[in-house]
Amino acid sequence: MLDDRAKLLLKALVERYIADGQPVGSRTLSKASGLELSAATIRNVMSDLEELGLIVSPHTSAGRIPTARGYRLFVDTMLTVQRDQIRGHSLAPDQPQKVISNAATLLSNLSQFVGVVVTPRRATVFRHIEFLRLSERRVLVILVSPEGDVQNRVIFTEVDYEQSQLVEAANYLNAHYVGLDIEQVRERLKSEVESLRAEIASLMSAAVAAGLPDSPEQQAEVVISGERNLLSVSDFANDMGHLRRAFELFEQKAQLMRLLDVTGRADGVRIFIGGESQVIPFEDLSIVSTPYEVDGQVVGTLGVVGPTRMPYDRMIQIVDITAKLVSNALSHHK
């Protein structure tokens, strides 16, 4: 457990390193912390912090820099955020896709890093469903949305169904589940499956699975803006390997989608500091993200991706305020 003096010195070190990007020595730390401590005392405290894995001495430098663990302690216990410092920005109600695109650009412009926005997911709601036997254990599922859009999915069943059985199952679904989205159907099936005949229950479960996209990436997409901003960040510009890995992340998008999907199931701003996430195990990248809403319902996630050495207090403000702007713009769009 750190005492107050060690916490204050760690806070000063992190803030100075974020501002300057240079290892922090004991003399600089003494001035930055405002504590009247001898250089020897500060060196002893820094040695203790290093043993705890909170700071590290790079190469042969006499100064120290924060580790991912040090950043995490700073963000969780020492960071103070004034959420009203960023004003004068707005997102006009418009086509949802344009709002999302503008939000990604706004995040990028304000942060000078990379802005990312996950588009709202659409629930798969059906107005009508049909099953058509194609061949042995191959069935075509036809889903008609309330807007008249038609989706065709081929499913493979464990048993071979007669067309009469397929009609019976479709009639049951159309009579009891029309107007619900596929997730709601899935939940109802969990409680009702025991009371249904085995072949109908099995076929309906397969139809539900067919109505769901295979992965979150197919339900939504990530809009990214400002990747080139990383070219001017010294942490990346001086190491082409770091820069290459970052750009590969933005090109693939799937990893980023999975990480942001975690944020969408949480309240408030979340911060993933380099290497903490198994999804994006990059020591040199951090993500500040938060969900946004439409008419009170969480529908997507947005955030800023940048170097581990980022001003987290300002990033939290930017992300938090942009999420509110997006929520307002989309909720007012009719």
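Of the residues making up region 172-209, those that are over 14 Å from residue 142 (Cβ atoms), at pLDDT 80 or above and either of a type in the set (S, T, N, Q) or assigned to a helix (DSSP H, G or I) (or both) number 3. Taking into account only those residues within region 291-334 that are in contact with a Leu (Cβ under 8 Å, 6 or more places away or on another chain), surrounded by fewer than 23 Cβ atoms within 10 Å (Cβ to Cβ) and polar (S, T, N, Q), which is farthest from residue 222 (Cα to Cα)? Among those that are in contact with a Leu (Cβ under 8 Å, 6 or more places away or on another chain), surrounded by fewer than 23 Cβ atoms within 10 Å (Cβ to Cβ) and polar (S, T, N, Q), it is 308.
If you go through region 30-43 one residue at a time, do you hit one that is within 31 Å of the chain's Cα centre (by Cα), at pLDDT below 90 and in a helix (DSSP H, G or I)? Break it down into steps so the answer makes sense when it comes.
Just the residues of region 30-43 that are within 31 Å of the chain's Cα centre (by Cα), to begin with: none.
No - not one qualifying residue is present in region 30-43.
A search for C-beta distances below 9 Å between a residue of region 287-303 that is closer than 18 Å to residue 226 by Cβ and not assigned by TED's automatic domain parsing to the domain that holds residue 276 and any residue that is among the aromatic types (Phe, Trp, Tyr) and in a strand (DSSP E or B), counting only pairs 6+ apart in sequence or on different chains, returns nothing.
Just so you know, in region 125-161 the residues that are over 18 Å from residue 184 (Cα atoms) and among the basic types (Lys, Arg) include one that is nearest to the chain's Cα centre (by Cα), and it is 153.
Could you tell me which residue of region 149-166 is farthest from residue 134 (Cα to Cα), considering only residues that are part of a loop (DSSP other than H, G, I, E, B) and out of contact with any Lys or Arg (no Cβ under 6 Å at 6 or more places or on another chain)? Show your work before the answer.
Going residue by residue through region 149-166, those that are part of a loop (DSSP other than H, G, I, E, B) are 149, 157-162.
Now restrict to residues that are out of contact with any Lys or Arg (no Cβ under 6 Å at 6 or more places or on another chain): 149, 158-159, 161-162.
Values: 149: 22, 158: 14, 159: 13, 161: 10, 162: 10 Å.
Across region 149-166, the extreme among qualifying residues is 149.
Hey, any hits in region 18-29 for a residue that's surrounded by fewer than 19 Cβ atoms within 10 Å (Cβ to Cβ), of a type in the set (S, T, N, Q) and over 32 Å from the mean Cα position of the chain (by Cα)? Yes, region 18-29 contains at least one residue that is surrounded by fewer than 19 Cβ atoms within 10 Å (Cβ to Cβ), of a type in the set (S, T, N, Q) and over 32 Å from the mean Cα position of the chain (by Cα). For residue 331, the requirement of being in contact with a strand residue (DSSP E or B) (Cβ under 8 Å, 6 or more places away or on another chain), in a strand (DSSP E or B) and either at pLDDT below 90 or of a type in the set (D, E, K, R) (or both) is not met. Could you tell me whether residue 314 is closer than 16 Å to residue 109 by Cβ and of a type in the set (Lys, Arg)? Judged against the criteria, residue 314 is a match.
The values are calculated or read from the model by the stated rules, or taken from the named source; none is laboratory data. Only a predicted model underlies this, so the values are computations on that prediction, with no experimental measurement involved. Don't worry about glycine lacking a Cβ; one is built from the backbone with ideal geometry, like all the others, and counts go over all protein chains shown.
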